[in-house]
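These notes are about the structure you will find just below.
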Number of protein chains: 2
Amino acid sequence: MHILVTGAAGMIGHKLVERLLADRALGGTAITRLTLHDIVPPRAAQQGIAITSHASDFSAPGEAEKLVAGRPDVIFHLAAIVSGEAEENFDKGYRVNLDGTRRLFEAIRTLQDYKPRLVFTSSIAVFGAPFPDRIGDEFLSTPQTSYGTQKAIDELLLSDYSRRGFLDGIGIRLPTICVRPGKPNKAASGFFSNIMREPLAGQEAVLPVTDTVRHWHASPRTAVGFLIHAATMDLAMLGARRCLSMPGVSVTVAEQIEALRRVAGEPAVRLIKRVDDPFVASIVANWPRNFDTRRALALGFKPDDSFEAILRTHVADELGGKIAA
Amino acid sequence: MHILVTGAAGMIGHKLVERLLADRALGGTAITRLTLHDIVPPRAAQQGIAITSHASDFSAPGEAEKLVAGRPDVIFHLAAIVSGEAEENFDKGYRVNLDGTRRLFEAIRTLQDYKPRLVFTSSIAVFGAPFPDRIGDEFLSTPQTSYGTQKAIDELLLSDYSRRGFLDGIGIRLPTICVRPGKPNKAASGFFSNIMREPLAGQEAVLPVTDTVRHWHASPRTAVGFLIHAATMDLAMLGARRCLSMPGVSVTVAEQIEALRRVAGEPAVRLIKRVDDPFVASIVANWPRNFDTRRALALGFKPDDSFEAILRTHVADELGGKIAA
């Protein structure tokens, strides 16, 4: 089996590739070839798996054709300009997130007798306030960012290309990834991870909103599990609706902090400094808080058990089981 | 005031232009210039209104720039490849309905200090079965045709370009237009009009489905009224959700026939020949039947009063008040 991963150097892309290399199989079929697209250094073949790297702008004319020329059986399409950059740079966001994705779909359509499984990572940014308490499977997409607009358009294209039989697509809307490994970043959503990751590593972190703020989370390990399930499940079960929200854990910041207390104790909690930031608070006020994802659950997607489980996964996967605080 | 109409030769486009020329004003401001785009013969100036015609493919590179070069204050964007053709010709549908609309929006964005009102005609084809009994204002778009996909994408683009301040857009999803004037056509939806228009003109018509089929209608005159209201209303009332379903009249075919009986008598009804067509029935089974359009009603959009009123409008507007049957 030949697998293509776009955005392979991103946080989820990297973890997905590690999982594929560890499993050496997908849905019971041995992986023989990986094509990785991103600004990544080339890797040598591993354990009998040939690895090809393409460090290109996949949205440039002709690049998508190169990526699918080897007719990968499964395509994980993760590459995208992130939300903040797509909002700052209108042209770049549309060029990469819309035109790039469409070029990939077109490159697939152009090949004869070729219909790969395509797993597309969409986003809860396709939804815009006002929301119901829980966003259900039939709630409309009214994004309030250009990034969310581009993802919503990609969902529509994926559904139409699938209906037409050009590809066998599924679009999954990932919850906010928490605990996001790495350094604190300035994304407005960064604090949800910062206030967990930094105290677990013995560092201070800033909480810019009140602890009544509720949000929707999944661990990186669980997000990779969604991708693997989407790549291997029977898509006939989806019917015509090819895109859906993934199950997450809905918690308030106060509940996050309680989970941190249980996992790492009071000293960790004391590392969280409350410094109100009305600008961040105003952005977060327009974000989804909770979902009713009965469709994804019925289709076999497995969420994290609890926010505490999300923290324990982080400790196991990123900290080698050791808590600094 | 300068007004641009794309698709000006289409059925609704033609009626809109006639209305604008009759009113000679829009929202209380005198119309001084009309730019008409379509495969239309040029018209001379009328009553002090300069008329420019462009018989071009508006989706070709550079054409949209020409259409907006004169900075029209209001743009009615009606031009589109229709549903059947967009399904048959994948490339043409996407080129015109998606790329053409995006090029128009881009041509507007590129002009400095320019932010026209843009009224876009979307379609109930953005919705796909399974439906609730009445499709509400928060129901998701899952089109099951390429045409519906293209319209849904255009809605997303219009909303994002409006949010960004590049244009002041509103997208209105018209009900099926009934009674559609002209010759019977082979569109799967044609019979809804055929079985009214032909008997009113003393001609036989074929009913290919059972009379329990329910559908969603608006007269051409009312559809033009929606366009005018969308062009003149205060769009601040819309908030971030720029696209909405227009109010229609939901009736079964049996109720259509009863209305015909009241308007034109039993002889007209006897001109309807029942010839089941399972293929048409299977298509129609996936169409919306009814909507809850409380948002449009609250915003001042005025539907037809009843299906009987739709028939009387047809008799007045198309038959000079005379019924043949």
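Taken residue by residue, the range A:273-290 has no member that is aromatic (Phe, Trp, Tyr) and closer than 22 Å to A:Lys15 by Cβ.
Can you find even one residue in the range B:129-145 that is over 20 Å from B:Ala60 (Cα atoms), facing chain A (nearest Cβ under 10 Å), in contact with a helix residue (DSSP H, G or I) (Cβ under 6 Å, 6 or more places away or on another chain) and not hydroxyl-bearing (Ser, Thr, Tyr)? Yes, the range B:129-145 contains at least one residue that is over 20 Å from B:Ala60 (Cα atoms), facing chain A (nearest Cβ under 10 Å), in contact with a helix residue (DSSP H, G or I) (Cβ under 6 Å, 6 or more places away or on another chain) and not hydroxyl-bearing (Ser, Thr, Tyr). Of A:Pro181, A:Pro199, all but one fail to be in a helix (DSSP H, G or I) and more than 14 Å from chain B (Cβ to nearest Cβ); the exception is A:Pro199. Restricting attention to the range A:127-142, the residues that are farther than 13 Å from A:Met246 by Cα and either in contact with a Pro (Cβ under 7 Å, 6 or more places away or on another chain) or surrounded by 16 or more Cβ atoms within 10 Å (Cβ to Cβ) (or both) total 8. Within the range A:158-170, the set of residues being surrounded by fewer than 24 Cβ atoms within 10 Å (Cβ to Cβ) and either within 8 Å of chain B (Cβ to nearest Cβ) or on the phi > 0 side of the Ramachandran plot (or both) comprises A:Arg163, A:Arg164, A:Gly165. Consider A:Ile12 carefully, then state whether it is closer than 20 Å to A:Phe120 by Cα and in a helix (DSSP H, G or I). Here the answer is yes, as A:Ile12 does meet what is asked.
Residues considered: A:Thr52, A:Thr35. Of these, the only one that is assigned to a strand (DSSP E or B), under 21 Å from A:Met11 (Cα atoms) and at pLDDT below 95 is A:Thr52. When the residues of the range B:104-128 are narrowed to those that are among the β-branched types (Val, Ile, Thr) and more than 12 Å from chain A (Cβ to nearest Cβ), which ends up nearest to B:Asp234 (Cα to Cα)? Step by step, filter the range B:104-128, then rank; the result is B:Val119. For the range B:193-217, the candidate set comprises residues that are farther than 21 Å from B:Pro267 by Cβ and not charged (D, E, K, R); within that set, the residue that is surrounded by the fewest Cβ atoms within 10 Å (Cβ to Cβ) is B:Thr212.
Report whether or not B:Thr121 is within 20 Å of A:Asp154 (Cα to Cα), of a type in the set (S, T, N, Q) and surrounded by 15 or more Cβ atoms within 10 Å (Cβ to Cβ). Outline the logic, then answer.
Numbers: within 20 Å of A:Asp154 (Cα to Cα): no; of a type in the set (S, T, N, Q): yes; surrounded by 15 or more Cβ atoms within 10 Å (Cβ to Cβ): yes.
No: the conditions fail for B:Thr121.
The values are calculated or read from the model by the stated rules, or taken from the named source; none is laboratory data. All values reported here derive from a predicted model rather than from experimental measurement. No Cβ is skipped: glycine too gets one built from the backbone with ideal geometry, and neighbour counts run over all protein chains shown.
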